[in-house]
1. Among the residues of segment 201-234, write down those that are assigned to a loop (DSSP other than H, G, I, E, B) and either at pLDDT 95 or above or on the phi < 0 side of the Ramachandran plot (or both).
2. Go through segment 240-260 and give me each residue that's more than 22 Å from residue 117 (Cα to Cα) and assigned to a strand (DSSP E or B).
3. Restricting to segment 261-304, and then to whatever is in a loop (DSSP other than H, G, I, E, B) and under 19 Å from residue 170 (Cβ atoms), can you tell me which residue is nearest to the chain's Cα centre (by Cα)?
4. Could you list, in sequence order, all residues of segment 317-337 that are under 12 Å from residue 364 (Cβ atoms) and assigned to a strand (DSSP E or B)?
5. Would you be able to say whether some residue in segment 305-314 is surrounded by fewer than 18 Cβ atoms within 10 Å (Cβ to Cβ), part of a strand (DSSP E or B) and in contact with a strand residue (DSSP E or B) (Cβ under 7 Å, 6 or more places away or on another chain)?
6. Which residues, taken from segment 97-124, are surrounded by 17 or more Cβ atoms within 10 Å (Cβ to Cβ), closer than 18 Å to residue 253 by Cα and in contact with a strand residue (DSSP E or B) (Cβ under 8 Å, 6 or more places away or on another chain)?
7. Being farther than 28 Å from residue 206 by Cα and surrounded by 24 or more Cβ atoms within 10 Å (Cβ to Cβ) is the filter; apply it to segment 235-270 and report the residue that is modelled with the highest pLDDT.
8. Out of 142, 102, report the one residue that is under 21 Å from residue 47 (Cα atoms) and either modelled with pLDDT of 90 or more or not in a strand (DSSP E or B) (or both).
């Protein structure tokens, strides 16, 4: 997505480093490794080409209904790498299966789980498929796929994440079985407000942030199934993120890095995100008491599914969706730091997203996903506006609950 500015039709200070409240509690699903078994290939309702995954992290937000075939995410590796898959934010049970090009099952949950699922393993170069299926109830979900070499345990051997940017970078990793530390490094090109969300999936993992000299800037202990956000201004330079775990069983983690996109605070000059893509694009931002609202414009090039999520919060922030005339067609107002989510089938056109603070400063991570009508396999409700400018019940989706 390219970031620029557009106009939303009108309808009538430094924060310091902050930590968010925990997000929704969850327990990792047990994974049954079934090497050598094969599965009869079924036609998935959606077939999404992720492309080469080597050295990259990709996220997708989607929905599945009933026990249908759901979605199939196809990806490739150009060299042997460690692959991490996480499925989260579902409200009903999902079953996940990872297969190779010969249709042999690499890993399978064997039963649906309504809590985060992780699949991790060392894979050879080749082509792979991840299938996600429902269990009876319609549920939105997010899936993240990451492939990279294992990071080192100190700064000289750290794995580079690159330069922090408004478009977020997502990295997943795994500790345990004698591996107790991972170290990553990233750069801040100019003095910027950095948003760093850290999450532990299986067991508690500690994260520490250091500057280029090794000085400790921030630290947090993230318990299993939760995520915390560290946020604040940083000068230009190199920084290091260390993940530490003292357990023996394997535990996966995930972190998201972004800087403030400095989105427009004026509806007449909305920041343009461009076309909503099949892969999720996540943007970092900050709302303050002085500038409580950020405005974005997004285009759905063809009719299809549009999913928008807001997380990484340290205080209550709400989410609104407007059509090209400025009429509100959907909203999410989850309490506190809970994830706000909007999803539904929409006509092609231009839409405006408003991130609205509720009286306090807060960073945020705004995720936008579009799926063309041809790929939408689930019966997603239309999302017409009601007469008051709100949403009909089928267009509005509650966020995940949090502690």
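The values are calculated or read from the model by the stated rules, or taken from the named source; none is laboratory data. Source: prediction; values computed, not measured. Virtual Cβ from ideal backbone geometry, glycine too; neighbours counted across all protein chains shown.
1. Let us first name the residues in segment 201-234 that are assigned to a loop (DSSP other than H, G, I, E, B), namely 201-204, 212-215, 223, 225.
Within segment 201-234, 201, 202, 203, 204, 212, 213, 215, 223 meet the criteria.
2. Of segment 240-260, the ones more than 22 Å from residue 117 (Cα to Cα) are 240-242, 258-260.
Within segment 240-260, 240, 241, 242, 258, 259 qualify.
3. We begin by selecting, within segment 261-304, every residue in a loop (DSSP other than H, G, I, E, B); these are 261-263, 265-266, 276-280, 288-292, 301-303.
Retained after the next criterion (residues that are under 19 Å from residue 170 (Cβ atoms)): 261, 276-280.
Details: 261: 17, 276: 15, 277: 14, 278: 13, 279: 10, 280: 7 Å.
Filtering first and then ranking leaves 280.
4. At the first step, the residues of segment 317-337 found to be under 12 Å from residue 364 (Cβ atoms) are 317-319, 337.
Result: 317, 318, 319.
5. We begin by selecting, within segment 305-314, every residue surrounded by fewer than 18 Cβ atoms within 10 Å (Cβ to Cβ); these are none.
The answer is no, given that none of the residues of segment 305-314 is surrounded by fewer than 18 Cβ atoms within 10 Å (Cβ to Cβ), part of a strand (DSSP E or B) and in contact with a strand residue (DSSP E or B) (Cβ under 7 Å, 6 or more places away or on another chain).
6. 116, 117, 118, 119, 120
7. Looking only at segment 235-270, we keep the residues that are farther than 28 Å from residue 206 by Cα, and these are 262-270.
From what is left, the residues that are surrounded by 24 or more Cβ atoms within 10 Å (Cβ to Cβ) are 263, 270.
Working: 263: 95, 270: 92.
Per the criteria, the residue is 263.
8. On the way: 142 fails: either modelled with pLDDT of 90 or more or not in a strand (DSSP E or B) (or both).
Only one candidate qualifies: 102.
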